[in-house]
1. For the structure I just gave you, tell me whether Leu89 is in contact (Cβ under 8 Å) with a residue 24 or more places away in the chain, assigned by TED's automatic domain parsing to the domain that holds Arg189 and surrounded by 21 or more Cβ atoms within 10 Å (Cβ to Cβ).
2. Scanning for something farther than 30 Å from Ala259 by Cα, assigned to a loop (DSSP other than H, G, I, E, B) and out of contact with any Phe, Trp or Tyr (no Cβ under 9 Å at 6 or more places or on another chain), does the stretch 29-45 turn up at least one residue?
3. Those residues that are charged (D, E, K, R), free of Cβ contacts under 8 Å to residues at least 24 places away in the same chain and closer than 17 Å to Asp236 by Cβ, I need them from the stretch 265-300; list them, please.
4. Is there a residue in the stretch 38-45 that is touching a helix residue (DSSP H, G or I) at 6+ places or on another chain (Cβ under 7 Å) and in the same structural domain as Thr15 (by TED's automatic domain parsing)?
5. I need the strands (runs of 3 or more DSSP E) fully contained in the stretch 263-306, keeping only those with at least 2 residues that are under 37 Å from the mean Cα position of the chain (by Cα) and under 30 Å from Gln141 (Cα atoms).
6. Against the conditions (1) crowded, with 16+ Cβ neighbours inside 10 Å; (2) among the β-branched types (Val, Ile, Thr); (3) farther than 20 Å from Cys91 by Cα, where does Val52 fall short? Just the number, please.
7. Going by the conditions given, is Val16 modelled with pLDDT under 95 and either surrounded by fewer than 24 Cβ atoms within 10 Å (Cβ to Cβ) or assigned to a loop (DSSP other than H, G, I, E, B) (or both)?
Amino acid sequence: MLIVDDERCVHRLTTVATCHACVDSCPTGAWSLKADGLEFEPGQCDGCGLCVPACPTGALALAQPPELPLHRGTLDLACERTTGPGIRLPCAHALSEARLLGLQRNGLRRLIVRTGDCSACPRGTAVRLPERVDAVNRVLQRAGAATISLMAADEALATEPPRRGFLAGLLARPAALLSTTPPPEPDTRRAALQGLAARGVRSGLWAVELDAQRCDGCALCARLCPEGAIDWLEGDREAGLCLHMERCVGCGICVDACAQQALKPGKAGCGAPGAVFRQANCSACGARFRHLGTTAPRHCPVCRTRTRRPDRLVVD
């Protein structure tokens, strides 16, 4: 069963949000984006769980997340559309970054996966597990931590024939006998980033890029960001936009809200320079405004617009 916390959804946080991650990930059309917001049809949900890791703000969760016991640093998974051994999941691609990092912290070093033909499966259009494992491994490498080796089940059997008996008998053994596994951690992007921060990792899994030359210093992005990934710092003479991408969950609110199109989705781990503005007073109206560069314009943006179009009463 899917639990929906609509208070966390970006569409409840701001009307400018355009996120449709749950819609894109759903293979059955249970999610749809209407003019007045998102709609969910429980009768169409097949329980695949793909929308859970797709949601950037953790608004979705499974009522009973699957237990994933490790055996000597190895986790064997199988999607429900295959035969043979492995811990059954509706879809292997529903394993999130948060679960992967939690499992790695508990000793996961090798992930063996058995799937059907994902290219022919309706669930195969979502973000796939190898992409998530690659993203997690990149941040683990930057932290100098052990990475996760992802292997197809056939590849694992070919490289280690003695393991065949273990794999073949995995389904017949109760999960409690396989290992003692801590309960699942919160399956959200925020949880994944908090786990990294607890290890002292100052790097994230998602990011945005700022074009400082386009930015007008309105600071709307900083006010709207639900994770505090963008800060606006203001002094007497200078003000600055600071990006903390180790907190970014990739919700896209800042990108949607920026009228100047100064923000766009970026690549995690590439650094996130901010913008520094100087402050000045408009010689026409006296209002305080922000500007880039060392030389301040005489007029604020509003008065400059009025100067160009004095006949206009409404300023864009």
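The values are calculated or read from the model by the stated rules, or taken from the named source; none is laboratory data. Keep in mind the model is a prediction, meaning the values are calculated, not measured. Cβ sites come from the backbone with ideal geometry, for glycine too, and all protein chains shown count toward neighbours.
1. Spelling it out, it is not the case that Leu89 is in contact (Cβ under 8 Å) with a residue 24 or more places away in the chain, assigned by TED's automatic domain parsing to the domain that holds Arg189 and surrounded by 21 or more Cβ atoms within 10 Å (Cβ to Cβ).
2. yes
3. Arg288
4. yes
5. Fully inside the stretch 263-306 and qualifying: 263-265.
6. (3)
7. yes
Here's the yes/no breakdown for (1) of a type outside the set (A, V, I, L, M); (2) out of contact with any helix residue (DSSP H, G or I) (no Cβ under 8 Å at 6 or more places or on another chain); (3) modelled with pLDDT under 85:
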site	(1), (2), (3)
Arg223	yes, yes, no
Ile230	no, no, no
Cys251	yes, no, no
Lys267	yes, yes, no
Val302	no, yes, yes
Arg306	yes, yes, yes
Arg312	yes, no, yes
Val315	no, no, yes
